[in-house]
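Have a look at the structure below before the remarks.
The values are calculated or read from the model by the stated rules, or taken from the named source; none is laboratory data. Keep in mind it's a predicted model, so treat the numbers as computed, not measured. Every residue, glycine as well, gets a Cβ built from its backbone with ideal geometry; the counts of neighbours run over all protein chains shown. Just the protein is used for accessible areas: all its heavy atoms, side chains included, with ligands, DNA and RNA removed. Shrake-Rupley method; radii C 1.70, N 1.55, O 1.52, S 1.80 Å.
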Amino acid sequence: MSTEIRKEQIVEAALRVLSDSSIKQLNIADIAKQMGLAPSALYRHFKNKNAMMSGVLELIRTKLFHNVELVRQQSDDAVERLHELLFRHGRLIAEEHGIPRIVFSDELWGQKKERRQKMYRIVTGYLAEIEAILKEGQEKKRVRNDIEARTLAAMFFGIVQPAALLWHMSEGQFDLERHFVEAWELFLETITK
């Protein structure tokens, strides 16, 4: 199996393990067990847990940007893209339990400047993609242009972040779908008024 495929499998397994344990408790043996491998097999691809956690951050970035690409392929309409992106984001939170744990974990990225900057680049890059969709909508007169696209992108992201936090804190009890349906109606009214 190629190194890149195995690395991807390892970070996916780490993300699954993080769904049920804290970052401080995460260890290579748990990830290896999840994969049915010996821990030494993981060290062939990552020199340590820190390198693996960097891989997990990259996986999160890939998943977010993949969703953006999918909605771009599905529709030319900015409003439809944003609607679909919001619900894809909700599914990502619900299906990948480890992502909110990582995003809200000061243990993983808050203490290390390099990781904090990487998380910042992921979030600002994602916001830039949302802003680009909104700008396209403004150019086509589907989105109001009296508010900066950057501000609207932050508002869109503001629908997701508190919901992800509440979902994470309630251990999945917070109703993400209901929140997104209700928040979408308000956001839609704001951007098309």
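What is the dipole size for region 41-183, taken about its Cα centre, with +1 at each Lys and Arg Cβ and -1 at each Asp and Glu Cβ, in debye to the nearest 20?
Taking the Cα centre of region 41-183 as origin, the dipole is about 740 debye.
Report, in debye and to the nearest 20, how large the dipole of region 1-98 comes out about its Cα centre when Lys and Arg carry +1 and Asp and Glu carry -1 on their Cβ.
Taking the Cα centre of region 1-98 as origin, the dipole is about 560 debye.
List the lysines whose Cα lies under 17 Å from the Cα of K141, skipping any in the same chain that are fewer than 8 positions away.
Output for K141: K193.
Sequence neighbours fewer than 8 away in the same chain don't count; with that in mind, list the lysines whose C-alpha is under 19 Å from K112.
Straight-distance partners of K112: K24, K47, K49.
Can you give me the solvent accessible area of W167 with a 1.4 Å probe, rounded to the nearest 10 Å²?
30 Å²
State, in angstrom, two size descriptors of region 15-158 derived from its alpha carbons: Rg to one decimal place and Dmax to the nearest whole number.
Gyration radius and largest Cα-Cα distance of region 15-158: 17.8, 58 Å.
Within the chain, what is the longest stretch that has no GluC sites (Glu not before Pro) placed in a DSSP loop and near at most 13 other beta-carbon atoms within 10 Å?
1-147
As a test of the formula, what do you get for the chain when each DSSP H run with n ≥ 4 contributes -39,500 (n - 2.57) and the sum is divided by the residue count, at 222 nm and rounded to the nearest 500 deg cm²/dmol?
Values: 9 runs with 144 residues, N = 193.
So the calculated ellipticity at 222 nm is -24500 deg cm²/dmol.
In what order, largest first, do R88, R142 sit by accessible area if the probe radius is 1.4 Å?
Heavy-atom accessible area, descending, gives R142, R88.
Where in region 51-67 is the amide nitrogen less than 16 Å from a point lying 7 Å along the Cα-to-Cβ axis of E8?
Counting backbone N atoms under 16 Å from the label point, the list is 55-67.
Which order do Y126, Y120 take by accessible area at a 1.4 Å probe, largest first?
Y120, Y126
I'd like to check one number: the per residue accessible area of region 1-144, probe 1.4 Å, reported in Å² as a whole number.
Spelled out: the 1.4 Å probe surface of region 1-144, per residue, equals 53 Å².
With a 1.4 Å probe and all protein chains kept in place, how much accessible area does S2 have, in Å² rounded to the nearest 10?
Counting only protein heavy atoms, S2 exposes about 60 Å² to solvent.
Scanning the chain for helices, which whole DSSP H stretches are 18 Å or more long along the axis (Cα) and average 0.0 or more by Kyte-Doolittle?
Both cut-offs are met by 3-18, 149-169, 176-192.
So which lysines pass the test for K63, namely a Cα distance under 17 Å, with those fewer than 8 places away in the same chain ruled out?
K7, K118
For the chain, what does the relative contact order come out to in percent, with C-alpha contacts under 8 Å and a separation of six or more?
21 percent
Residue separation times 0.36 nm, minus the C-alpha to C-alpha distance between S170 and A94: what's the value?
Once the chain is fully extended between S170 and A94, it gains 26.1 nm.
At a 1.4 Å probe, what is the % contribution of carbon and sulfur to the accessible area of the chain?
Within the chain, the accessible surface is 49 percent carbon and sulfur.
With charges only on Cβ, +1 for K and R and -1 for D and E, what is the dipole size of region 41-124 about its Cα centre, in debye, rounded to 20? If you can, show how the numbers build up before the last one.
On the way: 16 positive and 11 negative charges, 131 e Å.
Around 620 debye, computed over region 41-124.
Evaluate region 120-169: find the radius of gyration of its Cα atoms, find its Kirkwood radius, and give the ratio Rg to Rh.
1.06
With every protein chain kept in the model, how would you rank R72, R61 by accessible area, 1.4 Å probe, largest at the top?
R61, R72
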